[in-house]
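The values are calculated or read from the model by the stated rules, or taken from the named source; none is laboratory data. Computed from a predicted structure; not experimentally measured. Please note: Cβ atoms are built from the backbone with ideal geometry, for glycine as well, and neighbour counts cover all protein chains shown.
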Amino acid sequence: MPEHAHTPQVRLRPWSEADLALLTLTNTPEMTAHLGGPEPEEKLPERHRRYLAVGANGTGRMFTVVLSRTGETVGSVGYWEHVWQGETVYETGWGILPPFQGRGLAAAAALAVIDAARAEGRHRTLHAFPSVEHTASNAICRKAGFTLLGEVEFEYPKGSFLQSNDWCVELGGSDL
């Protein structure tokens, strides 16, 4: 995959040591309302290490979403391996900071992450599991070309279950 995947609106920069501050900005009640709420602050360095490791160990990639025109950081997006219904697939998720929401940036980031996951050539499918109540994330899945497979019970965070939609996009990978 190229160092910087991009669409006209955004580009994806690989997650780096400097991105811990972004986790703090996205760990708010507003940003995590459909994800079980904010994590305790002391857990953020652990999440940051997981984000760094996913790329290093070849099980996915995390990115910072950057505006193409200005270089301003507006959120994050990524994909990682997940065993779903007996098959290893990629799962994806995103978060765009509130001042930048409603501009199509999350859909642009989702399209860019689909391209990045497809370039890996590792798995056949990429899934997103937004809460059935999260209207915006479900709309992003539609705009990015995911197919709705149906409503499922999904565990997130660990030990908590929520009703989610299973959205899927075919990547054409080999499922190594």
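For A128, indicate whether it is under 20 Å from G37 (Cα atoms), touching a helix residue (DSSP H, G or I) at 6+ places or on another chain (Cβ under 6 Å), at pLDDT 95 or above and not hydroxyl-bearing (S, T, Y).
Working: under 20 Å from G37 (Cα atoms): yes; touching a helix residue (DSSP H, G or I) at 6+ places or on another chain (Cβ under 6 Å): yes; at pLDDT 95 or above: yes; not hydroxyl-bearing (S, T, Y): yes.
When the stated conditions are applied, A128 passes them.
Counting only residues that are of a type in the set (V, I, T) and without any contact (Cβ under 8 Å) to a residue 24 or more places away in the chain, how many does the range 113-164 have? Write out each step before concluding.
So the first thing to find is which residues in the range 113-164 are of a type in the set (V, I, T), and the list is 113-114, 125, 132, 135, 140, 147, 152.
Then keep just the ones that are without any contact (Cβ under 8 Å) to a residue 24 or more places away in the chain; that gives 135, 147, 152.
So the count comes out to 3.
Only one of (1) part of a strand (DSSP E or B); (2) out of contact with any helix residue (DSSP H, G or I) (no Cβ under 9 Å at 6 or more places or on another chain) fails for G78. Which number is that?
In the conditions (1) part of a strand (DSSP E or B); (2) out of contact with any helix residue (DSSP H, G or I) (no Cβ under 9 Å at 6 or more places or on another chain), G78 misses (2) alone.
Pick from K158, K143: which is out of contact with any Leu (no Cβ under 9 Å at 6 or more places or on another chain) and of a type in the set (D, E, K, R)? Break it down into steps so the answer makes sense when it comes.
Working: K143 fails: out of contact with any Leu (no Cβ under 9 Å at 6 or more places or on another chain).
Selected residue: K158, the only one of K158, K143 that is out of contact with any Leu (no Cβ under 9 Å at 6 or more places or on another chain) and of a type in the set (D, E, K, R).
Listed here are the residues, each with its yes/no results for (1) in contact (Cβ under 8 Å) with a residue 12 or more places away in the chain; (2) surrounded by 17 or more Cβ atoms within 10 Å (Cβ to Cβ); (3) outside any loop (DSSP other than H, G, I, E, B).
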site: L12; (1), (2), (3): yes, yes, yes
site: D19; (1), (2), (3): yes, yes, yes
site: L25; (1), (2), (3): yes, no, yes
site: M31; (1), (2), (3): yes, yes, yes
site: G36; (1), (2), (3): yes, no, no
site: Y51; (1), (2), (3): yes, yes, yes
site: G55; (1), (2), (3): yes, yes, yes
site: G95; (1), (2), (3): yes, yes, yes
site: A109; (1), (2), (3): yes, yes, yes
